[in-house]
Amino acid sequence: MPLVSPKEMFQKAYNEGFAIGAFNVNNMEIIQGIIQAGEAEKSPLILQVSAGAKKYAGLTYIVKLMEAAVATSNIPLVLHLDHGTDFAICKEVIDGGFTSVMIDGSHLEFEKNIALTKEVVAYAHDKGVFVEAELGRLAGVEEDIVSAEHIYTDPDEAVEFVERTGCDSLAIAIGTSHGAYKFKGEGKLDFDRLEKISQLLPNFPIVLHGASSVPQEFVKMANEFGGNIGSASGVPEELLRKAASMAVCKINIDTDIRLAMTATIRKCLVENPEHFDPREYLAPARNAVYEMVKYKIKNVLGSSEKI
């Protein structure tokens with residue numbers, strides 16, 4: 001099955017009250033673990049590549065790994081650019097075979113965000129590529145994306161933004177944040193704001209960034225075997241389930257994958273100090289990604305058996 005656009009899967013997700021998992025990928029083991037989980041749960045998937053991942057692995061390697069995934073998979077797969085910051089990187093990955101891109105102008109003034117997004121939309125739509133944009137700003141750190149404060153998405157501005165840019169989906173800010181340290185106290189999301197936006201933009205797919213739940217078993221494991229992650233906390237899973245039952249059609253998950261891999265590798269190396277073959281610790285790490293993504297699909301996203 002060739003790479004697809006997320007358009008049809010988002011329409012199904014919106015109508016049936018579930019979300020598609022958008023999982024960040026950096027290497028072969030992560031891609032394999034995610035794909036195997038999607039196959040096991042019969043779920044569509046979005047595999048997304050950040051600018052940092054593109055720099056780390058190289059665009060050609062990422063695309064060829066995805067070609068391998070497509071050749072060995074029977075589930076719908078989207079290859080998506082996460083947090084494209086300018087027209088140039090969006091054009092590069094569109095020309096390289098991506099089926100979806102995110103242009104993130106959330107750091108810009110409203111009119112400049114609109115202008116940048118329109119430029120990307122015009123180029124992408126001419127190539128049949130889906131465009132996600134962002135309005136509002138999430139606090140936290142994810143690679144080069146840094147913000148010290150939340151700027152919640154204004155519902156009326158969201159309507160104007162979508163109408164003027166022609167973007168296909170919109171990432172909004174309702175309380176999630178990037179990184180592993182999302183909440184100091186009880187986790188909360190502004191569902192009233194989400195409801196208002198969905199009422200003003202009926203049948204329009206909404207995206208949640210910064211939506212890892214930071215499983216505490218992996219934080220504990222990493223720290224037990226030499227890590228120093230501290231009091232990391234994520235978005236409570238029940239809040240993500242509620243968002244997925246509303247207008248949120250895409251939920252981004254990155255930190256949880258990093259934690260699952262790193263904690264497992266730390267454990268393997270401490271318990272088996274004689275091991276020096278990378279396969280001996282990367283295979284368990286790949287399986288940890290598989291189990292975690294499988295759990296998310298079934299229990300948080302609700303996308304099992306949705307093909």
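Read-outs: derived from the displayed coordinates by stated rules, not from any lab. Treat the numbers as computed from the prediction; the structure is a model and nothing was measured. Glycine also receives a Cβ, built like all others from the backbone with ideal geometry; neighbour counts cover every protein chain displayed.
A few comments on the model shown:
- In whole angstrom, region 218-278 maps to an equivalent ellipsoid with semi-axes of 32, 13, 7, each derived as √(5λ) from the alpha carbon gyration tensor and ordered largest first.
- Share antiparallel - DSSP beta bridges, the chain, percent rounded to 5: 10
- The alpha carbons of region 51-138 give a radius of gyration and a Dmax of 13.7, 44 Å, in that order.
- Ranked by the mean number of other Cβ atoms within 10 Å of their residues, highest first, the peptides 236-249, 83-96 come out as 236-249, 83-96.
- Principal-axis tilt of helix 278-296 within the chain, Cα atoms, nearest 10 degrees: 50
- For the chain, the relative contact order works out to 23 percent when only alpha carbon pairs closer than 8 Å and six or more residues apart are counted.
- Chain lengthening between GLU67 and MET28 when straightened (0.36 nm per residue, less Cα-Cα): 12.9 nm
- If the convex hull is drawn through the Cα atoms of the chain, its volume per residue in Å³: 118
- Average Cα contact separation per residue, region 59-122, under 8 Å, 6 or more apart, as relative contact order %: 28
- Length available on full extension from LYS220 to GLU92: 0.36 nm per residue minus the Cα-Cα distance, which gives 42.1 nm.
- Region 1-87 gives an Rg/Rh value of 0.96, both radii derived from C-alpha positions and Rh following Kirkwood.
- Panel values: region 159-307, Kirkwood radius from alpha carbon pairs, Stokes-Einstein at 10 °C and 1.306 mPa s, translational diffusion coefficient 94 µm²/s.
- For the chain, the residue among LEU200, THR255, VAL101 whose Cα projects farthest onto the positive side of the dipole built from Cβ charges is THR255.
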